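No value in this document is a laboratory result; all are computed from the given coordinates. Source: prediction; values computed, not measured. Note that we place each Cβ from the backbone using ideal geometry, even for glycine, and neighbour counts take in every protein chain shown.
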């Protein structure tokens, strides 16, 4: 199914995605800039084609093959504390000089870290967070753009109870690779998303109220926040999302879609927020890992993202055991998801006001080494309560009502 023609169309879409992501923060790629291509071993064919296209764009490719799942498991098994918290100096130097990143992921084993102490994983993530901060600061200035995608693997198909062919068909549809001109399809969809986001902006929302199965959540907004949609940061990317004022989040959110994360399976998560902090977290499966992740750092138990996906936009109609694909699920009721952890500074209308961590902190943007999406795909109603008084249902039965 993933023929060379399909793979080349995939690269077309990724080039559109990374350029769109850079424009989202007010920047443009220039000839001679450096773009990293990070890829899993099973994504090598797509990585090769992507490297050629990066050269044709006039950019300089910085190619990095990720370790195998066994290498990752062995690292956490045998690394001592110093090794867990070590970062090679060249990594910082490269990160400071990058202008973009393309992540090509193709997991071979979704449970490769299930026997690893989650504290070890959190410790390494916290140590490497400063690299993420470098990218965030560059992005806030329009100097960096990124995109990320997953390729089908037997493991993901098996966990989704699909054949590999069925799984490939879902990914091809998800990325619009079955259209003659998939980039035009993405551009047209983005136009509609821009319309929806414009209406949401004009409403001047004080807070959203999310009502659904096991969910009664209040998500506070701050003046100057905007929604971002079809931003190119992920492929596929059907969500319309924002970063709320984390300290004005309260209530309960239930995620009915399972997470595969760090070799763990986590299902049936319920999070209770009070004054912006998760004060109670439960899971039907994987609760110990969930609780451990909330202790990663001060911001791990705070909301960094609030997102809605319209079922009319997304062509994904099966759950795919993959956070990126599942957060873009369409199905009968679309999906709503929140993320614990890092916020997105590009959700502020004035990039100059969010160029530093200090500025972002003052504006209620959350900061953390983690970003973990929790997704629900059952029916829900989302009501916007407006600063000028009054309220309006903006999302119901899986569709935007604006």
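Some observations on this one:
- With both residues required to sit in the chain, DSSP beta bridges show an antiparallel share near 75%.
- Peptides 183-192, 237-246 ordered by average Cβ neighbours within 10 Å, highest first: 237-246, 183-192
- Pairwise centroid distance, computed over Cα atoms, of the stretch 112-149 with the stretch 64-109, Å: 10 Å
- Anisotropy class of the stretch 159-271 from Cα gyration tensor, a/c 1.5 cut: oblate
- Alpha-carbon centroids, the stretch 1-61 and the stretch 245-282: separation in whole Å: 34 Å
- Ratio of the Cα radius of gyration of the stretch 4-400 to 2.2 N^0.38 Å, where N counts its residues: 0.93
- Placing dummy labels 7 Å off each Cα toward the beta-carbon, the span from residue 48 to residue 252 is 5.4 nm.
- Our note on the geometry: Cα centres of the stretch 321-347 and the stretch 357-393, 12 Å apart.
- Ordering 180, 169 by the number of other Cβ atoms within 10 Å of each residue's own Cβ, fewest first, gives 180, 169.
- Once the C-beta distance of residue 83 and residue 30 is scaled by a Förster radius of 30 Å, the resulting FRET efficiency is 0.20 to the nearest 0.05.
- If you plug the beta carbon distance of residue 297 and residue 1 into 1/(1 + (r/R0)^6) with R0 = 25 Å, you get a FRET efficiency near 0.05.
- Peptides 339-347, 170-178 ranked from most to least packed give 339-347, 170-178, packing being the mean of other C-beta atoms within 10 angstrom over each peptide's residues.
- Ranked packing of 91-103, 75-87, most packed first, by mean Cβ within 10 Å: 91-103, 75-87
- Kirkwood hydrodynamic radius over Cα pairs of the stretch 109-151, then Stokes diffusion coefficient at 20 °C and 1.002 mPa s, in µm²/s: 166 µm²/s
- Cα shape, the stretch 1-142, gyration tensor, a/c 1.5 rule: oblate
- If you plug the beta carbon distance of residue 178 and residue 211 into 1/(1 + (r/R0)^6) with R0 = 51 Å, you get a FRET efficiency near 0.90.
- Residue order, fewest to most surrounding Cβ atoms within 10 angstrom, among 16, 201: 201, 16
- Per residue, the convex hull spanned by the alpha carbons of the stretch 50-89 comes to 73 Å³.
- Taking the number of Cβ atoms within 10 Å of each Cβ as an exposure proxy, the fewest-first ranking of 57, 139 is 57, 139.
- Full-stretch length increase - residue 60, residue 111 - with 0.36 nm per residue and alpha-carbon distance subtracted: 14.9 nm
- Dividing the summed helix terms, -39500 (n - 2.57) for each DSSP H run of n ≥ 4, by the number of residues in the chain produces a 222 nm estimate of -10000 deg cm²/dmol to the nearest 500.
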